[in-house]
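*Asks:* What follows is a structure written as structure tokens; I'll ask about it next.
The values are calculated or read from the model by the stated rules, or taken from the named source; none is laboratory data. Here the structure is a predicted model, which means the values were calculated and not measured. Please note: Cβ atoms are built from the backbone with ideal geometry, for glycine as well, and neighbour counts cover all protein chains shown.
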Amino acid sequence: MSALGRLAGSAVVIGGATLVARTASFARDVALAAAFGAGHDLDLFFAAGMVATFIIGGLMVAVAPATMAEAPGGRPTRAVDGLAALVLLAVLAMLTTGPALILAAGPPAGAGLIVPLSLAIVPAGLGLYLAARLTRAGWRLLPALVPATTPALVGALAFSGIGVALLAWATLAGLCLELAILAQATWRIDRAAFQPVPGLMARLGPLVLGGLVLGCVPLADQVAAASLGPGAVSEVMLGNRLVSLIGSVGLIGLGLALSREFAAAQAADRPLRPLMRQAAGAAALGGFVVAAVGIGWSRDIVALLYQRGAFDAAQTDAVAAVQSAYLLQVPFFLVFLVGSRALAALGRNGQVLYVSLGMATGNAVLNAVLAGPWGAAGIALATSIAFAGAGLAAITLADRAARAEPRP
């Protein structure tokens, strides 16, 4: 099978398994909403995990390409180094969210939420590393399905009456269980994963920063929407749900497959450029098809998901317009993914960070320009334009780097 065929097969398998895991997360949120309603307790639960979720999102973007692009040289990263870095991030999350949460909920309740949900960064980060090692070794289903464990556990306990504080500890317990499953599988097939890894932390730093910068984009969209008046934030958040699902499946499914194939090409000393260009073309074509179908059916999708009760036809039209504008980014996001993974495989992690910074800055500027005349749909359009620039920049930089790569 060709490298592109292996890449497509891996992306489909991992993406499908990721969709199952994301469905479990959605079911957990539905269960929590049914058990607690949109009230004070659920607000505290989500607020306590907000910073930790943001940090884990940055790690999710960075860990796989940094792990799979192993190269000789560089200071070895020991297990204790990685553990210390994750604990430091957990403490940062506690300090960022803790004071406000303790004021809102009281010291015992606030600490009962913030401590477990911040500590969740540690098993989540270690689990992402082991999942990348397993994927590189050819295990595709297990690393993508294991993340369904925690939302399934929390969703099952939502109606038990144990309260949100114990559900926070259940979240930490579920992530520890996921880590144990991944560690046991990794120990069987890749014991080198538990040895010092040359240069891992140096590769990881710029990629994590880039991931965190990209994570600021939806936050910037919400801030811009808040200036438009009542209802705009909800329109932006609801209009972005479908694109977020597509993005998360693409990030994990296609992203892991790309990192694996690019790392294999580098290890075998094969030129990266042909595979990268084929992958970018296929990703762009597939993305345009998904975007076209989604835009064509946008109003029907929004009506099916949301139009009931207080959510009327006028709100359906408004959210459908936002969703259509967000869907325009899909092909460019996938091309950005190909380019950024290729840059990581080529050791150009700093360039990934610069492209991410440029994208976030452009998005903020375009939000200010387009929100006035077009409202929430203008904010969504700004994000799509910014991703178009980031995708073109990433694939152009990767193409130049691959063309200049020395070969025997």
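*Asks:* Kindly indicate whether Leu357 is out of contact with any Ser or Thr (no Cβ under 9 Å at 6 or more places or on another chain), in contact (Cβ under 8 Å) with a residue 24 or more places away in the chain and farther than 26 Å from Ala232 by Cα.
*Replies:* When the stated conditions are applied, Leu357 does not pass them.
*Asks:* Another question, if that's okay. Return yes when Ala132 is in contact with a Pro (Cβ under 8 Å, 6 or more places away or on another chain) and among the small types (Gly, Ala, Ser) and no when it is not.
*Replies:* So Ala132 passes the test.
*Asks:* Among the candidates Leu251, Leu214, Leu228, Leu219, single out the residue that is part of a helix (DSSP H, G or I) and at pLDDT 85 or above.
*Replies:* Criteria check complete, one pass: Leu214.
*Asks:* Right, here's the next one. Taking Arg348 as the residue in question, decide whether it is among the basic types (Lys, Arg), assigned by TED's automatic domain parsing to the domain that holds Leu238 and either crowded, with 23+ Cβ neighbours inside 10 Å or under 23 Å from Ser234 (Cβ atoms) (or both).
*Replies:* The answer is no for Arg348.
*Asks:* So, in the stretch 254-301, exactly how many residues are surrounded by fewer than 17 Cβ atoms within 10 Å (Cβ to Cβ) and assigned to a loop (DSSP other than H, G, I, E, B)?
*Replies:* 5
*Asks:* Would you call Ala382 under 30 Å from Thr67 (Cα atoms), assigned by TED's automatic domain parsing to the domain that holds Leu212 and small (Gly, Ala, Ser)?
*Replies:* Answer is no for this residue.
*Asks:* Also, I was wondering about something else. Output the residues belonging to the stretch 181-203 that are out of contact with any helix residue (DSSP H, G or I) (no Cβ under 8 Å at 6 or more places or on another chain) and part of a helix (DSSP H, G or I).
*Replies:* If the condition is that a residue be out of contact with any helix residue (DSSP H, G or I) (no Cβ under 8 Å at 6 or more places or on another chain) and part of a helix (DSSP H, G or I), then Gln184, Arg188, Arg191, Ala192, Ala202 are the ones that fit.
*Asks:* Another question about this same structure. Please tell me if Leu145 is assigned by TED's automatic domain parsing to the domain that holds Asp29 and touching a Pro at 6+ places or on another chain (Cβ under 7 Å).
*Replies:* no
*Asks:* Any residue at all in the stretch 188-207 that is among the acidic types (Asp, Glu), closer than 30 Å to Gly350 by Cα and crowded, with 19+ Cβ neighbours inside 10 Å?
*Replies:* Within the stretch 188-207, none of the residues are among the acidic types (Asp, Glu), closer than 30 Å to Gly350 by Cα and crowded, with 19+ Cβ neighbours inside 10 Å.
*Asks:* Of the numbered conditions (1) at positive phi; (2) at pLDDT 75 or above, Leu44 fails exactly one; give the number of that condition.
*Replies:* Answer for Leu44: the failing condition is (1).
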